[in-house]
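Accompanying notes for the structure given below.
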Amino acid sequence: MKFSVIIPNYNYGRFVGRAIESALAVAWPDLEVIVVDDGSTDNSRDVIERYGNRIIAIFQPNRTQRVACNTGFARATGDAVIFLDSDDILMPDIAAEVAAIWSDRVSKVQVQMMRIDREGNPTGGVFPIYDPMPTPALIRSWATETSAYPTPPGSGNVYSRKFLERIFPLDDFCGTFSDSACLAAAPFLGDVVTISKPLVQYRVHGQNDSNLLSNYARFGREVARADARWKFARKTAEAAGIALSENNIFKSLHLLQLRVASLRLAPATHPLVDDSRQRAMRDAWQAVWSFPAMPMKRRLIVGTWAALTLVVPKPLAVRLISLRFAQR
(Lines give C-alpha, C1' and ligand atoms only; values in the text may rest on other atoms or scores of the structure.)
Protein backbone atom coordinates (compact mmCIF):
# COMPACT_ATOMS: atom_id res chain seq x y z
CA MET A 1 0.00 0.00 0.00
CA LYS A 2 1.41 3.36 -1.05
CA PHE A 3 0.57 6.72 0.53
CA SER A 4 0.64 10.05 -1.32
CA VAL A 5 0.75 13.28 0.69
CA ILE A 6 -0.23 16.26 -1.45
CA ILE A 7 0.51 19.69 0.04
CA PRO A 8 -1.11 22.64 -1.76
CA ASN A 9 0.53 25.89 -0.68
CA TYR A 10 -0.09 29.57 -1.18
CA ASN A 11 1.96 32.17 0.70
CA TYR A 12 2.49 29.99 3.77
CA GLY A 13 6.26 30.05 3.61
CA ARG A 14 6.42 30.39 7.39
CA PHE A 15 4.53 27.10 7.84
CA VAL A 16 5.03 24.94 4.75
CA GLY A 17 8.46 23.66 5.77
CA ARG A 18 7.07 22.11 8.94
CA ALA A 19 4.23 20.53 6.96
CA ILE A 20 6.74 18.98 4.53
CA GLU A 21 8.92 17.69 7.36
CA SER A 22 5.91 16.07 9.03
CA ALA A 23 4.97 14.33 5.78
CA LEU A 24 8.52 13.06 5.26
CA ALA A 25 8.54 11.79 8.85
CA VAL A 26 5.46 9.57 8.38
CA ALA A 27 6.58 6.06 9.36
CA TRP A 28 5.71 4.13 6.22
CA PRO A 29 8.00 2.42 3.68
CA ASP A 30 6.17 3.45 0.50
CA LEU A 31 5.42 7.16 0.61
CA GLU A 32 5.58 10.12 -1.76
CA VAL A 33 5.30 13.80 -0.87
CA ILE A 34 4.05 16.20 -3.55
CA VAL A 35 4.10 19.95 -2.91
CA VAL A 36 2.14 22.18 -5.29
CA ASP A 37 2.89 25.86 -4.85
CA ASP A 38 -0.01 27.89 -6.23
CA GLY A 39 1.82 31.01 -7.32
CA SER A 40 3.10 32.17 -3.93
CA THR A 41 4.63 35.63 -3.70
CA ASP A 42 6.40 35.13 -0.36
CA ASN A 43 9.44 32.94 0.38
CA SER A 44 7.57 29.67 -0.17
CA ARG A 45 9.59 28.63 -3.23
CA ASP A 46 12.88 28.99 -1.35
CA VAL A 47 11.54 26.87 1.51
CA ILE A 48 10.15 24.16 -0.80
CA GLU A 49 13.30 23.91 -2.91
CA ARG A 50 15.41 23.15 0.16
CA TYR A 51 13.98 19.62 0.20
CA GLY A 52 15.40 18.78 -3.22
CA ASN A 53 14.56 15.35 -4.57
CA ARG A 54 13.09 14.20 -1.25
CA ILE A 55 9.81 15.63 -2.54
CA ILE A 56 8.08 16.24 -5.86
CA ALA A 57 7.82 20.03 -6.16
CA ILE A 58 5.44 21.65 -8.65
CA PHE A 59 5.20 25.40 -9.16
CA GLN A 60 2.20 26.82 -10.98
CA PRO A 61 0.54 30.23 -11.41
CA ASN A 62 -2.07 31.14 -8.82
CA ARG A 63 -5.20 29.18 -9.77
CA THR A 64 -6.84 28.31 -6.40
CA GLN A 65 -6.36 25.51 -3.91
CA ARG A 66 -8.76 23.25 -5.84
CA VAL A 67 -6.65 23.45 -9.00
CA ALA A 68 -3.49 22.86 -6.95
CA CYS A 69 -5.08 19.66 -5.59
CA ASN A 70 -6.05 18.62 -9.12
CA THR A 71 -2.44 19.13 -10.19
CA GLY A 72 -1.10 17.15 -7.25
CA PHE A 73 -3.51 14.26 -7.69
CA ALA A 74 -2.69 14.01 -11.40
CA ARG A 75 0.94 13.43 -10.37
CA ALA A 76 0.22 11.13 -7.40
CA THR A 77 0.57 7.35 -7.59
CA GLY A 78 -0.52 6.29 -4.08
CA ASP A 79 -3.37 3.97 -3.14
CA ALA A 80 -4.25 6.34 -0.28
CA VAL A 81 -4.09 10.13 -0.59
CA ILE A 82 -3.85 12.88 2.04
CA PHE A 83 -4.38 16.52 1.05
CA LEU A 84 -2.34 18.21 3.78
CA ASP A 85 -2.93 21.92 4.29
CA SER A 86 0.42 23.67 4.34
CA ASP A 87 -0.12 25.01 7.87
CA ASP A 88 -1.04 21.60 9.34
CA ILE A 89 1.14 18.72 10.59
CA LEU A 90 0.85 14.95 10.23
CA MET A 91 1.65 12.61 13.09
CA PRO A 92 4.22 9.90 12.24
CA ASP A 93 1.87 6.97 12.87
CA ILE A 94 -1.01 8.12 10.66
CA ALA A 95 -0.21 5.73 7.81
CA ALA A 96 0.09 2.69 10.07
CA GLU A 97 -3.18 3.53 11.84
CA VAL A 98 -5.00 3.96 8.54
CA ALA A 99 -3.52 0.84 6.94
CA ALA A 100 -4.67 -1.25 9.91
CA ILE A 101 -8.35 -0.61 9.13
CA TRP A 102 -8.16 -0.20 5.34
CA SER A 103 -10.32 -2.21 2.95
CA ASP A 104 -11.40 -2.11 -0.69
CA ARG A 105 -14.73 -0.61 0.41
CA VAL A 106 -13.16 2.52 1.93
CA SER A 107 -13.74 5.90 0.30
CA LYS A 108 -12.04 7.76 3.13
CA VAL A 109 -10.66 7.28 6.61
CA GLN A 110 -11.24 10.23 8.92
CA VAL A 111 -9.29 10.92 12.10
CA GLN A 112 -9.29 13.50 14.86
CA MET A 113 -7.21 16.67 14.80
CA MET A 114 -5.37 18.38 17.65
CA ARG A 115 -5.27 22.16 17.75
CA ILE A 116 -1.87 23.83 17.97
CA ASP A 117 -0.96 27.51 18.11
CA ARG A 118 1.13 29.52 15.65
CA GLU A 119 4.37 28.20 17.15
CA GLY A 120 3.19 24.59 17.11
CA ASN A 121 2.36 24.24 20.80
CA PRO A 122 -0.70 22.05 21.60
CA THR A 123 -3.61 24.04 22.98
CA GLY A 124 -5.52 21.01 24.29
CA GLY A 125 -8.40 21.02 21.82
CA VAL A 126 -9.21 17.83 19.88
CA PHE A 127 -11.93 17.65 17.22
CA PRO A 128 -14.26 16.32 15.97
CA ILE A 129 -15.69 14.66 19.06
CA TYR A 130 -17.27 11.49 17.72
CA ASP A 131 -20.29 10.89 19.95
CA PRO A 132 -21.80 8.50 19.10
CA MET A 133 -18.90 6.74 17.43
CA PRO A 134 -19.93 6.64 13.75
CA THR A 135 -19.98 3.51 11.63
CA PRO A 136 -19.95 3.73 7.82
CA ALA A 137 -23.67 2.86 7.79
CA LEU A 138 -24.49 5.60 10.31
CA ILE A 139 -22.49 8.18 8.38
CA ARG A 140 -24.25 7.27 5.14
CA SER A 141 -27.61 7.50 6.91
CA TRP A 142 -26.81 10.86 8.54
CA ALA A 143 -25.53 12.31 5.25
CA THR A 144 -28.65 11.08 3.47
CA GLU A 145 -31.14 12.41 6.01
CA THR A 146 -29.50 15.69 7.08
CA SER A 147 -26.77 16.46 4.50
CA ALA A 148 -24.15 16.42 7.28
CA TYR A 149 -22.02 14.04 9.32
CA PRO A 150 -19.17 14.55 11.83
CA THR A 151 -15.98 15.04 9.84
CA PRO A 152 -12.68 16.88 10.19
CA PRO A 153 -11.65 19.43 7.55
CA GLY A 154 -9.23 18.64 4.73
CA SER A 155 -6.05 17.43 6.43
CA GLY A 156 -7.89 15.03 8.73
CA ASN A 157 -8.98 12.73 5.90
CA VAL A 158 -7.20 9.95 3.99
CA TYR A 159 -8.89 9.17 0.67
CA SER A 160 -8.90 6.05 -1.46
CA ARG A 161 -7.42 6.60 -4.87
CA LYS A 162 -10.29 4.60 -6.41
CA PHE A 163 -12.76 7.02 -4.83
CA LEU A 164 -10.89 10.15 -5.92
CA GLU A 165 -10.63 8.89 -9.50
CA ARG A 166 -14.43 8.95 -9.68
CA ILE A 167 -14.66 12.70 -8.92
CA PHE A 168 -11.31 14.18 -10.05
CA PRO A 169 -10.38 16.49 -11.63
CA LEU A 170 -12.69 18.76 -9.67
CA ASP A 171 -14.39 21.65 -11.42
CA ASP A 172 -15.67 24.81 -9.73
CA PHE A 173 -19.05 23.28 -8.83
CA CYS A 174 -18.05 23.27 -5.13
CA GLY A 175 -15.94 26.40 -5.29
CA THR A 176 -12.23 26.95 -4.86
CA PHE A 177 -11.56 24.33 -2.17
CA SER A 178 -11.21 20.61 -2.90
CA ASP A 179 -12.40 19.24 0.43
CA SER A 180 -15.99 20.38 -0.18
CA ALA A 181 -16.51 17.89 -3.00
CA CYS A 182 -14.49 15.10 -1.37
CA LEU A 183 -16.33 15.28 1.95
CA ALA A 184 -19.73 15.49 0.24
CA ALA A 185 -19.24 12.51 -2.06
CA ALA A 186 -17.39 10.11 0.25
CA PRO A 187 -20.42 8.58 2.08
CA PHE A 188 -22.15 7.75 -1.21
CA LEU A 189 -19.23 6.18 -3.08
CA GLY A 190 -17.81 3.95 -0.37
CA ASP A 191 -17.36 3.51 3.37
CA VAL A 192 -16.27 6.40 5.59
CA VAL A 193 -14.26 4.77 8.39
CA THR A 194 -13.44 6.68 11.57
CA ILE A 195 -10.36 6.57 13.82
CA SER A 196 -11.07 8.29 17.13
CA LYS A 197 -7.48 9.39 17.69
CA PRO A 198 -5.69 12.70 16.94
CA LEU A 199 -3.34 11.95 14.06
CA VAL A 200 -3.11 15.45 12.54
CA GLN A 201 -2.28 18.79 14.13
CA TYR A 202 -4.43 21.75 13.07
CA ARG A 203 -2.65 25.08 13.38
CA VAL A 204 -4.73 28.02 14.64
CA HIS A 205 -2.96 31.25 13.78
CA GLY A 206 -5.65 33.85 13.19
CA GLN A 207 -5.30 33.83 9.41
CA ASN A 208 -7.01 30.49 8.88
CA ASP A 209 -9.70 30.41 6.24
CA SER A 210 -11.94 29.00 8.99
CA ASN A 211 -11.60 32.19 11.08
CA LEU A 212 -15.10 33.38 10.21
CA LEU A 213 -15.15 36.32 12.61
CA SER A 214 -12.39 38.05 10.67
CA ASN A 215 -14.98 38.96 8.03
CA TYR A 216 -18.71 38.59 8.62
CA ALA A 217 -19.27 37.87 4.91
CA ARG A 218 -17.49 34.55 5.48
CA PHE A 219 -20.59 33.18 7.18
CA GLY A 220 -22.57 33.63 4.00
CA ARG A 221 -19.70 32.14 2.05
CA GLU A 222 -19.80 29.03 4.25
CA VAL A 223 -23.56 28.75 3.79
CA ALA A 224 -23.07 28.93 0.02
CA ARG A 225 -20.37 26.26 0.25
CA ALA A 226 -22.67 23.97 2.21
CA ASP A 227 -25.41 24.47 -0.38
CA ALA A 228 -22.97 23.66 -3.19
CA ARG A 229 -21.71 20.59 -1.30
CA TRP A 230 -25.25 19.28 -0.94
CA LYS A 231 -25.96 19.82 -4.63
CA PHE A 232 -22.75 17.95 -5.46
CA ALA A 233 -23.68 15.17 -3.03
CA ARG A 234 -27.11 14.85 -4.62
CA LYS A 235 -25.60 14.67 -8.10
CA THR A 236 -23.03 12.11 -6.98
CA ALA A 237 -25.56 10.01 -5.09
CA GLU A 238 -28.01 10.07 -7.99
CA ALA A 239 -25.31 8.69 -10.28
CA ALA A 240 -24.85 5.89 -7.72
CA GLY A 241 -28.60 5.18 -7.62
CA ILE A 242 -29.32 7.00 -4.33
CA ALA A 243 -32.06 9.65 -4.22
CA LEU A 244 -31.56 12.58 -1.82
CA SER A 245 -34.15 15.20 -0.90
CA GLU A 246 -33.24 18.79 -1.70
CA ASN A 247 -34.73 19.99 1.60
CA ASN A 248 -32.75 17.69 3.89
CA ILE A 249 -30.01 20.30 4.04
CA PHE A 250 -32.24 22.30 6.42
CA LYS A 251 -32.05 19.48 8.98
CA SER A 252 -28.33 20.08 9.56
CA LEU A 253 -27.46 21.65 12.90
CA HIS A 254 -24.00 22.53 11.59
CA LEU A 255 -25.46 24.54 8.73
CA LEU A 256 -28.11 26.04 11.01
CA GLN A 257 -25.46 27.80 13.07
CA LEU A 258 -23.87 29.32 9.96
CA ARG A 259 -27.29 30.37 8.64
CA VAL A 260 -28.16 32.08 11.91
CA ALA A 261 -24.86 34.00 11.94
CA SER A 262 -25.23 35.01 8.30
CA LEU A 263 -28.84 36.14 8.75
CA ARG A 264 -27.97 38.29 11.77
CA LEU A 265 -24.61 39.71 10.70
CA ALA A 266 -24.92 40.12 6.93
CA PRO A 267 -28.55 39.54 5.86
CA ALA A 268 -28.17 41.55 2.64
CA THR A 269 -25.66 39.04 1.26
CA HIS A 270 -27.20 35.86 2.68
CA PRO A 271 -26.97 33.35 -0.19
CA LEU A 272 -30.11 31.24 0.39
CA VAL A 273 -32.89 33.11 -1.41
CA ASP A 274 -35.84 31.57 0.44
CA ASP A 275 -34.20 31.64 3.88
CA SER A 276 -35.25 33.91 6.73
CA ARG A 277 -34.97 34.26 10.48
CA GLN A 278 -38.46 32.80 10.79
CA ARG A 279 -37.53 29.72 8.76
CA ALA A 280 -34.28 29.31 10.70
CA MET A 281 -36.26 29.41 13.95
CA ARG A 282 -38.57 26.68 12.69
CA ASP A 283 -35.63 24.62 11.42
CA ALA A 284 -33.82 24.98 14.75
CA TRP A 285 -36.37 22.90 16.58
CA GLN A 286 -36.82 20.47 13.69
CA ALA A 287 -33.06 19.88 13.54
CA VAL A 288 -32.85 19.25 17.29
CA TRP A 289 -35.03 16.17 16.86
CA SER A 290 -33.74 15.01 13.46
CA PHE A 291 -29.94 15.29 13.77
CA PRO A 292 -28.82 12.09 15.55
CA ALA A 293 -25.15 12.67 14.67
CA MET A 294 -24.94 14.81 17.81
CA PRO A 295 -25.84 13.89 21.44
CA MET A 296 -29.22 15.23 22.57
CA LYS A 297 -27.70 17.51 25.22
CA ARG A 298 -25.53 19.15 22.56
CA ARG A 299 -28.48 19.40 20.17
CA LEU A 300 -30.53 21.23 22.81
CA ILE A 301 -27.66 23.64 23.48
CA VAL A 302 -27.28 24.41 19.77
CA GLY A 303 -31.03 24.78 19.29
CA THR A 304 -31.31 27.14 22.26
CA TRP A 305 -28.32 29.18 21.05
CA ALA A 306 -29.87 29.47 17.59
CA ALA A 307 -33.27 30.54 18.93
CA LEU A 308 -31.76 33.18 21.22
CA THR A 309 -29.42 34.51 18.56
CA LEU A 310 -32.30 34.89 16.12
CA VAL A 311 -34.52 36.97 18.45
CA VAL A 312 -32.26 39.05 20.73
CA PRO A 313 -31.16 42.61 19.79
CA LYS A 314 -28.31 42.66 17.30
CA PRO A 315 -25.55 43.72 19.75
CA LEU A 316 -26.32 40.70 21.92
CA ALA A 317 -26.60 38.48 18.83
CA VAL A 318 -23.12 39.59 17.80
CA ARG A 319 -21.85 38.64 21.23
CA LEU A 320 -23.46 35.19 21.07
CA ILE A 321 -22.04 34.56 17.60
CA SER A 322 -18.58 35.68 18.72
CA LEU A 323 -18.68 33.29 21.66
CA ARG A 324 -19.71 30.43 19.39
CA PHE A 325 -17.22 30.98 16.56
CA ALA A 326 -14.16 32.38 18.34
CA GLN A 327 -10.97 30.50 17.43
CA ARG A 328 -9.44 28.96 20.53
Exercise for the section: Name, by its number, the condition in (1) outside any helix (DSSP H, G or I); (2) touching an Asp or Glu at 6+ places or on another chain (Cβ under 7 Å) that does not hold for PHE250. Expected result: (1)
Practice task
Please tell me if SER160 is surrounded by fewer than 15 Cβ atoms within 10 Å (Cβ to Cβ), modelled with pLDDT of 90 or more and in contact with a Lys or Arg (Cβ under 9 Å, 6 or more places away or on another chain).
Solution key: no
Exercise for the section: Mind listing whichever residues of the range 291-306 are surrounded by 13 or more Cβ atoms within 10 Å (Cβ to Cβ), over 15 Å from MET281 (Cα atoms) and not small (Gly, Ala, Ser)? Expected result: PHE291, PRO292, MET294, ARG298
Handout entry: Residues located in the range 88-127, provided they are part of a loop (DSSP other than H, G, I, E, B) and modelled with pLDDT of 95 or more
Key = ASP88, MET91, PRO92, ASP93, ILE101, TRP102, SER103, ASP104, ARG105
Problem - Residue satisfying all of: in the range 53-87; assigned to a helix (DSSP H, G or I), of a type outside the set (Lys, Arg) and over 20 Å from the mean Cα position of the chain (by Cα); farthest from SER22 (Cα to Cα) among these - result: ALA74
Handout entry: ALA143 assigned to a helix (DSSP H, G or I), in contact with a Lys or Arg (Cβ under 6 Å, 6 or more places away or on another chain) and either surrounded by 14 or more Cβ atoms within 10 Å (Cβ to Cβ) or not hydrophobic (A, V, I, L, M, F, W, C) (or both)
Key = no
Problem - Criterion: surrounded by fewer than 18 Cβ atoms within 10 Å (Cβ to Cβ) and at pLDDT below 95 - qualifying residue of SER196, SER210 - result: SER210
Handout entry: Neighbours by Cβ (under 6 Å, 6+ apart or cross-chain): first from the range 218-241, touching a residue at least 24 places away in the same chain (Cβ under 8 Å) and part of a helix (DSSP H, G or I); second buried (at least 21 other Cβ atoms within 10 Å of the Cβ) and among the aromatic types (Phe, Trp, Tyr)
Key = THR236/PHE188; ALA237/PHE188
Fill in the blank from the handout: Residue pairs qualifying under the 6 Å Cβ cut-off, at least six apart or on distinct chains, with the first in the range 58-77 being touching a residue at least 24 places away in the same chain (Cβ under 8 Å) and the second being charged (D, E, K, R), are ASN62/ASP38; ALA68/ASP38
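The values are calculated or read from the model by the stated rules, or taken from the named source; none is laboratory data. This is a predicted model, so every value here is computed, not measured. Cβ sites come from the backbone with ideal geometry, for glycine too, and all protein chains shown count toward neighbours.
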